1. Once Lys and Arg get +1 and Asp and Glu get -1 on their Cβ, which of V421, Y638, L226 lies farthest toward the positive end of the dipole of the chain?
2. More than 13 angstrom separation, counting every C-alpha pair in the range 648-692; what % is that?
3. Using θ = phi - 60° and the Karplus relation 6.51 cos²θ - 1.76 cosθ + 1.60, list the HN-Hα couplings for the range 385-393 in order, rounded to whole Hz, with x at every Gly or Pro.
4. Run the simple label-point estimate for Q189 and M97 please: 7 Å along Cα→C-beta, distance reported in nm.
5. Between F401 and N131, what FRET efficiency comes out of the Förster formula 1/(1 + (r/R0)^6) with R0 = 56 Å and r the beta carbon distance, rounded to 0.05?
6. Give me a comma-separated list of calculated 3J(HN,Hα) values for the range 49-63, in order, Karplus coefficients 6.51, -1.76, 1.60 applied at θ = phi - 60°, integers in Hz, x for any Gly or Pro.
7. Taking amide hydrogens as modeled 1.01 Å from N in the peptide plane, which residues meet the under 5 Å criterion relative to T571, leaving out close sequence neighbours?
8. Counting other Cβ atoms within 10 Å, which GluC sites (Glu not before Pro) in the range 252-300 have at most 16 and lie in a DSSP loop?
Amino acid sequence: MKINSLKTLTMAALLLALPCSASAQKKAVAKKTKVSTIRQAAAEKVAQPDPNFYIFLCFGQSNMEGNARPEAVDLESPGPRFLLMPAVDFPNKGRKMGEWCEASAPLCRPNTGLTPVDWFGRTMVASTPDNIRIGVIHVAIGGIDIKGFLPDSIENYAKNKAPQWMKGMLAAYDNNPYERLVTLAKKAQKDGVIKGILMHQGETNTGDPKWAGMVKQVYENLCGDLQLKPEEVNLYVGNIVQAGGKGVCIGCKKQIDELPNTIHTSQVISSDDCSNGPDRLHFDAAGYRELGCRYGEAVARHLGFEPKRPKNLPVAIKKMVVPADAITAENAIPGNEFPKVDSQRRAYFRIQAPQAKKVVVDICSKKYDMQPQGNGVFMAVTDPLPVGFHYYFLNIDGVNFIDPASETYFGCNRECGGLEVPEGPEGDYYRPQQGIAHGQVRSIYYFSEHSQISNLKSQTSKGEWRHALVYTPAEYELAKNAKKRYPVLYLQHGMGEGETSWMLQGKMQHIMDNAIGKGEAVPMIVVMESGDIKQPFGGGNNQAGRSEYGASFYPVLLNDLIPYIDANFRTKTDRDNRAMAGLSWGGHQTFDVALTNLDKFAWIGTFSGAIFGLDVKTAYDGVFANADEFNKKVHYMYMNWGSDDFVNSQSIVDGLRQLGIKVDSSVSQGTGHEFLTWRRGLHEFIPHLFKK
């Protein structure tokens, strides 16, 4: 009792003795409680999701994953308002799974391409106020069945049904892409609000009657696991590649269009006119941009915003239509579809150059800008072109190069592309024909003691090995003709071309085979050499007989090449069985050589001969002055040119005829300074050779 009374008294005394201290203590406790409450409220406020951070879940197969290579415009980050929570690590970009970062291609995995989500996000940024951020979580696997997103099916699918090439992609998500999507979505819900689900899937399930039901199950699972209200979180489903009705999975379009019949909160995003890649299964870069913008416009509209497209969205591509009658040019390397030529003689060119800014095709001295077609592809169509052979180049950002789809031809002082615009049946004389025996074109090397082209920089050695082509007629190889000898035509190409030009561009061997096979020309050997005019003209005098350009070939021809041919082929070695002809500057060389060596040549021809400054009365020491003597020595002289040719030999022909010189001539109608002119010239020239 005493103990208890003492305690009671003591407590009472203490309370009575400290009235001021108790009051202060009460105030201190109240202040502390208020501070604690403020801090707790602040902490709770920080922990609340930002209602202006809109999050979207994105899943599906390859077209959601992204199949097109991103172009420059796709790689620029749209800024901090478009964010990605990566579903895998991106070591090369410093991205960590589950940590927000600025979104830019690629979004799915490090080795994937452009996806519609890229331009969905950009469109949402453009369509919403500045205080709203857009976040995406992106899980997709090329070729995956919709069962790959069903929790009760994924284990069996990953182990037993997924193809081998898909195993690595599944492993990136620990063999459960649905679980990865949900796990990250729950984390993201602490930061923002899920406003929609984007899907692009169905190609793998084309024609599957259970597909819509399984999509509904995936959608309902997501809504249940993430506590989402379907009426607040729509499902946006993109349609498949249509490719003008020729899409590989075009049968899937109907089942996607009908998905809202199964899921009333779903909306189908049209893929009408979205461009595609050559496989007709995946969109190209332009197609992904367009589809992504359509996703964004649909979502913005649903959320009450006026849809706006990004300002840096490339201008809509106008696809180039190639008519059905266009055929692949004969000059295309086998396996290539382009270049093509249509029935109106318009040429179509195509090149893939993803990093290019400007691409131009240069043909027939006219340049055409190649238009972007998406996915790094550029195309161009020309105006109607003259029939015949044409050199051309492609130019990317100021640099000329050979079209990788074209065979190469030496012309314009370098290798370049070539395009044959076909004639009709009138061109059969230069095409190989069935029933006609074919000769051979041999590649030979001979040593010339008089050659100096390769030794201009060093005079330590004399002479060099040189290359030439030699045509022998079909009968040359026959046993019965083993001792027969043949006349020889030395045939020269033009400035900036080479010894292969008459064979490849001029189709000389077919012209010879057909003319000989039909009895129009006598069997003969034809020799073609570079003539030291492959390099560009260096300027100086260009008058006939006075130019140094190509003159270094003359002693080679006379002292090395002709003796080599006569020693190694069965030739007739007298002047009456030796002819010389040439096109353009080769015609210039023909005049220079043959007219000063009439003891070696009795037949002369020029095709658009580049013969300038010729005074027929005094040229070549007056060789034309005595017409009777000249006409006895030269058994046939011929000159041709094109009606549109910048080289016109009419004045030379007229001057020679006034002197009494026998010279035959013709004008190739509708052609210029080009190989069709020269094919026609050769075809008209050879029937007159080596006949008495």
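The values are calculated or read from the model by the stated rules, or taken from the named source; none is laboratory data. Predicted, not measured: the structure shown is a model, and the values here were computed from it. As a convention, Cβ positions derive from the backbone with ideal geometry for all residues, glycine included, and neighbour counts pool all protein chains shown. We work out accessible area using only protein heavy atoms, side chains counted, and drop any ligands, DNA or RNA first. Shrake-Rupley method; radii C 1.70, N 1.55, O 1.52, S 1.80 Å.
1. It is L226.
2. 62
3. Residue by residue, the range 385-393 yields 9, x, 5, x, 9, 9, 6, 8, 10 Hz.
4. The modelled label-to-label distance comes out at 2.1 nm.
5. Calculated value: 0.65.
6. Listing the rounded values in order: x, 6, x, 9, 9, 8, 10, 10, 8, 10, 8, x, 10, 4, 6 Hz.
7. Amide H neighbours of T571: Y486.
8. Taking the range 252-300 and a limit of 16 other Cβ atoms within 10 Å, the loop GluC sites (Glu not before Pro) found are E258.
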